[in-house]
Amino acid sequence: MSNINMLADINVEVSVEFAKTKVKLADIARLDRGAVIDLVSDINKPLNIYVQNKLFAKGEAVVLDDGKAGVRILSIVGRDE
């Protein structure tokens, strides 16, 4: 069995970063239901896709047939750039 085959069944964490910002703790303490946090991010900007907390790819948000969220890979970091 090759090394890649031995690794093929290992689960890894994949996360997608929609946006992030910094907010003062005092402002967080004042948040209530319905409050909006300004993410200061371009909604059309590609999303960062991380594998095991390491940037892996760029993508765009999509809605799947069952109504769930997904992400379409636009480029692989280091390969397509």
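Coordinate-derived values only; no laboratory data. Just so it is clear, the structure is predicted and the values come from calculations on it, not from any experiment. Neighbour counts are summed over all protein chains in view; Cβ atoms, including those assigned to glycine, are modelled from backbone coordinates with ideal geometry.
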Quiz item: Can you find a residue in segment 39-52 that is without any contact (Cβ under 8 Å) to a residue 24 or more places away in the chain, basic (Lys, Arg) and in contact with a Pro (Cβ under 6 Å, 6 or more places away or on another chain)?
Solution: no
Quiz prompt | In segment 1-22, residue farthest from Phe56 (Cα to Cα) [restricted to those that are under 20 Å from the mean Cα position of the chain (by Cα) and among the aliphatic types (A, V, I, L, M)] | solution = Ala19
